[in-house]
Amino acid sequence: MTMFNINRYATPRLVAEAITDLLRQKYLEHKVHSPEEPYTIALSGGSTPLSLLHYWEERVEMLREMDVHFFWVDERMVPYDSNESNYGEAARAFFDRSGISPNRIHPITPSSLTADSAQEYSEQLSRFSSQYQKKKAIDFLLLGIGGDGHTSSLFPGQEDSYSVERLFIASINPQTKVERVALSMYGILHESDTILFHLLGEKKREILQEVLSSTAPSHEESLLPSAYVIAHAQKPVDIYTDISV
């Protein structure tokens, strides 16, 4: 049974505020049950998360005080100083000025061999999770939805990768041919606790409507990656947006 909750707000700032409030709530619940266990957030790239990072500048004291570690959902195989680097953009927008300890910030390391970067990052997050005996490697997963329905860097037509039981895999954008490391469908569905889609702007209305309308079981063979997440998640998926649907 498909399960999702749509949380719509009038502006990107109000969306960011609502996501941050949910993060704080989930974090406090986590600490009640596992006070010694750090909380893990996985961030997506692209322009949409920048509104959240800019809002976090106003709440930076809260984030400094929280026992939170930041990981990334996906990354292009480019240097951090490139405008195409997901980590680089996040660092310039927020982390470089945040005062958050670098020990709590865990970027994906790009290399000439994408599969090696994916393997190394899988092992890094697995070691971190094992160290604290976490039930799920990722506590709070922030995903986006691309104009073609992709999420993480899992693109339509790459369904064969869904059965790979590794946290991160090598992927490639079929349009640009840029190689990427991507949180796998296995990692999304089996190693993530709270799953949240964050998308903004009227240009995303059509793809959001397509994703939500295609999550019925009768559409199983043609599910877009983001719709597949919603259809197969173990708990309801939250969608935070400023789009009327």
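Toward the positive end of the charge dipole of the chain, about the Cα centre and with charges on Cβ (Lys, Arg +1; Asp, Glu -1), which of Ser153, Tyr228, Leu43 goes farthest?
In the chain, that residue is Leu43.
Is there a quick way to get the dipole size of the chain? I mean about its Cα centre, with the Cβ of Lys and Arg at +1 and of Asp and Glu at -1; what is the value in debye to the nearest 20?
Charge dipole of the chain: 340 debye, to the nearest 20.
Past 19 Å, Cα to Cα: identify those pairs from Lys204/Lys235; Lys31/Lys135; Lys136/Lys204; Lys26/Lys134; Lys26/Lys136, in the order given.
Listed pairs above 19 Å: Lys204/Lys235; Lys136/Lys204.
Quick one: grab the alpha carbon gyration tensor of the stretch 39-80, order the square roots of its eigenvalues as a ≥ b ≥ c, and give me rounded if a/c is under 1.5, else prolate or oblate depending on whether a/b is larger than b/c.
On the way: a/c = 2.48, a/b = 1.49, b/c = 1.66.
In terms of gyration-tensor shape, oblate.
Where both partners of a DSSP beta bridge lie in the chain, what percent of those bridges are antiparallel, to the nearest 5?
Given both bridge residues lie in the chain, the antiparallel proportion sits at roughly 30 percent.
Please work out the average accessible area per residue across the chain, using the 1.4 Å probe convention, and give it in Å².
Value returned for the chain: 46 Å² of accessible area per residue.
Connecting C-alpha atoms closer than 10 Å in a GNM of the chain, tell me which of Glu58, Glu89, Glu120 has the biggest fluctuation.
For the chain, modelled as a Gaussian network with Cα springs under 10 Å, the answer is Glu58.
Report the calculated FRET efficiency for Lys235 and Asp67 (r = Cβ-Cβ distance, R0 = 30 Å), to the nearest 0.05.
0.85
Take each of the peptides 137-150, 74-87, 154-167, average the number of other beta-carbon atoms within 10 Å over its residues, and list them starting from the highest.
The peptides rank, most packed first, as 137-150, 74-87, 154-167.
Using only DSSP helix segments of four residues or longer, with each worth -39500 (n - 2.57), what per-residue ellipticity at 222 nm results for the chain after dividing by its residue count and rounding to 500?
Only helices count here, giving -10500 deg cm²/dmol.
What's the ranking of 93-102, 228-237 by average number of surrounding C-beta atoms within 10 Å, highest first?
Descending packing order for the listed peptides: 228-237, 93-102.
Relative contact order for the stretch 140-245: what percent, with Cα pairs under 8 Å and sequence separation of 6 or more?
Worked out over the stretch 140-245, it gives 32 percent.
Could you tell me which label, among [x] 24, 22, 19; [y] 36, 20, 17; [z] 30, 20, 17, carries the value of semi-axes √(5λ) of the Cα gyration tensor in Å calculated for this structure?
Correct label, based on the coordinates given: [x].
Of the heavy-atom accessible surface of the stretch 123-245 (probe 1.4 angstrom), what whole percent is carbon and sulfur? Don't jump to the answer; show the numbers that get you there.
Details: 2520 of 5410 Å².
It is 47 percent, rounded to a whole number.
What does the C-alpha gyration tensor say about the overall shape of the stretch 134-245? Classify as rounded when a/c is under 1.5, otherwise prolate if a/b is larger than b/c, or oblate.
Numbers: a/c = 1.42, a/b = 1.16, b/c = 1.22.
Rounded.
Evaluate the relative contact order of the chain (contact order divided by residue number), counting alpha-carbon pairs under 8 angstrom at least 6 apart; express in whole percent.
For the chain, the relative contact order is 26 percent.
The values are calculated or read from the model by the stated rules, or taken from the named source; none is laboratory data. This structure is a prediction, so every number in the text was calculated from the model and none was measured. Reconstructed Cβ throughout: ideal geometry from the backbone, glycine too, with neighbour counts over all protein chains shown. All accessible areas refer to the heavy atoms of the entire protein, side chains included, with ligands and DNA or RNA removed. Shrake-Rupley method; radii C 1.70, N 1.55, O 1.52, S 1.80 Å.
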